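Have a look at the structure below before the remarks.
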Amino acid sequence: MKFVLLMTGKTDQTWLREGVAGYEKRISKYIRFEVVTLPDVKNPGNRSAEKVKEKEAEKMLAVLKSDDHVVLLDERGESYSTIGLANYLRNSMQLPKKRIVFIIGGPWGFHQSIRDRADHVLSLSDLTFSHQVVRLLFAEQLYRVLSVIAGDPYHHE
């Protein structure tokens with residue numbers, strides 16, 4: 001099993017990049033983990049939000065494999081407690097899939113073609129965060145959940 005975090009566009013802030021890289025290293029102690037960053041859509045100012053989402057979706061779909069379990073991170077998704085998310089991931093890791101791919105969309109969200117491909121939609125909060133901040137929040141939560149699954153003392157109930 002391998003986890004993949006698929007994102008659109010580079011992370012602008014150094015502190016966010018460093019934070020994600022730190023959790024990437026920690027996560028790799030539990031499971032094979034890869035961060036894939038797709039290039040930004042060129043000339044987004046000349047395109048409608050729907051067209052930008054469509055172009056991002058084309059790039060995302062090109063990375064996905066037919067047997068991937070795809071989880072979108074979206075504010076309208078299902079919310080979990082930390083233990084609930086650990087249970088969801090534990091069950092997902094039992095699926096006959098080689099990869100679980102978590103996708104963070106761009107600033108406009110997801111095109112319908114990506115929503116149609118998703119196996120699950122996950123919300124980290126009822127609050128709205130920038131797509132760049134979500135990268136760090138998700139990396140920390142993924143590490144936390146994997147530590148729960150492993151029985152390590154990082155998470156406190």
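Couple of notes before you dig in:
- A count restricted to the stretch 25-48 and to residues that are hydroxyl-bearing (Ser, Thr, Tyr), surrounded by 12 or more Cβ atoms within 10 Å (Cβ to Cβ) and out of contact with any helix residue (DSSP H, G or I) (no Cβ under 7 Å at 6 or more places or on another chain) stands at 2.
- For the stretch 49-136, the strands (runs of 3 or more DSSP E) that sit wholly inside it and include 2 or more residues that are without any contact (Cβ under 8 Å) to a residue 60 or more places away in the chain and surrounded by fewer than 20 Cβ atoms within 10 Å (Cβ to Cβ) are 69-79, 120-123.
- When the stretch 117-146 is filtered for residues that are farther than 21 Å from Ile31 by Cα, among the hydrophobic types (A, V, I, L, M, F, W, C) and touching a strand residue (DSSP E or B) at 6+ places or on another chain (Cβ under 6 Å), the ones remaining, listed by number, are Ala118, Val121.
Yes/no matrix, rows are residues, columns are (1) within 17 Å of the chain's Cα centre (by Cα); (2) modelled with pLDDT of 95 or more; (3) closer than 17 Å to Phe138 by Cβ:
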residue: Phe3; (1), (2), (3): yes, yes, yes
residue: Ala21; (1), (2), (3): yes, yes, yes
residue: Val52; (1), (2), (3): no, no, no
residue: Ala57; (1), (2), (3): yes, yes, no
residue: Leu89; (1), (2), (3): yes, yes, yes
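- Test: Ser48 is of a type in the set (S, T, N, Q) and at pLDDT 95 or above: no
- Taken together, Ile100, Ile27 contain a single residue that is among the hydrophobic types (A, V, I, L, M, F, W, C) and either in contact with a Lys or Arg (Cβ under 8 Å, 6 or more places away or on another chain) or more than 24 Å from Lys2 (Cβ to Cβ) (or both), which is Ile100.
The values are calculated or read from the model by the stated rules, or taken from the named source; none is laboratory data. This structure is a prediction, so every number in the text was calculated from the model and none was measured. So basically every Cβ, Gly included, is an ideal-geometry build from the backbone, and we count neighbours across all protein chains shown.
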